[in-house]
Amino acid sequence: MRFVNGESHIKELKRITEELDKTEIDSLDLSDSYLGKLSALNNQLEQAEHDAELAGHKFRLAFFESGIGMAIVGLAGHWLEVNKRLCELVGYTESELTNGMRWQDITHPDDISPDTELVGQLVAGKIRHYELHKRYIHKNGSVIPIILNVSLVKDEGESLYFISQIRPVEECPTEVVSSG
């Protein structure tokens with residue numbers, strides 16, 4: 001959550017800076033105290049931007065270099081970002097997955113309903129995350145049993161996207177392992 005809070009902090013600091021820009025120069029108190037406050041505000045803004053950039057860089061490294069499949073999935077089910085491991089698991093390229101495909105397109109037909117039900121509970125706020133044993137269909141048609149972990153990312157109460165983690169398993173019946 002530090003990253004989201006950092007973005008909120010940056011938004012607030014930029015808002016204050018924009019208000020100051022609109023203020024007439026003649027009406028400003030240009031005392032040392034006031035200029036010191038402006039300097040401190042500017043330093044806070046620069047630090048917050050740096051912290052947000054660093055957090056984003058760390059997230060991208062963890063996401064793209066992960067040894068398990070990972071994806072950022074839109075609220076309608078479209079793949080927004082996928083890592084190399086997920087592409088290896090399902091046989092599709094990043095471009096194929098992120099150019100219009102949805103998770104439903106590679107999910108075994110018998111496993112769509114249980115997953116959709118859990119997504120609905122997640123969006124409704126009944127659960128915070130879930131883990132599900134299900135099957136994907138590889139591009140070559142083979143069935144891949146997986147364990148799927150899904151969380152919903154929100155900012156200020158607004159649902160933004162899902163974070164999915166995908167691990168292959170040898171055998172896996174379709175069942176909810178846990179949700180919370």
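Bear in mind these aren't lab numbers, they're just calculated from the coordinates by the rules spelled out. These numbers come from a predicted model, not from an experiment. A quick note on method: Cβ atoms are made from the backbone with ideal geometry, for glycine too, and the neighbour counts reach across all protein chains shown.
You can think of it this way: the chain between Ala62 and Ser33 has 6.1 nm of extra reach, that is 0.36 nm per residue less the Cα-Cα gap. Check Tyr92: other-chain or 5+ apart residues with amide H under 5 Å from its amide H, H built from backbone geometry? Those qualifying (amide H under 5 Å, at least 5 residues apart or on another chain) are Lys139. Cross-link partners for Lys11 among the lysines, with Cα-Cα distance under 22 Å and sequence neighbours closer than 8 places in the same chain left out: Lys22, Lys37, Lys58, Lys154. In this rough spin-label picture, where each label sits 7 Å from Cα along the Cβ direction, the Lys84-His108 distance is 2.9 nm. Loop-located GluC sites (Glu not before Pro) in segment 100-169 (DSSP state not H, G, I, E or B) with no more than 13 neighbouring Cβ atoms inside 10 Å: Glu156.
Spin-label model, Thr116 to Glu158: label points 7 Å out along the Cα-to-beta-carbon direction sit 2.7 nm apart.
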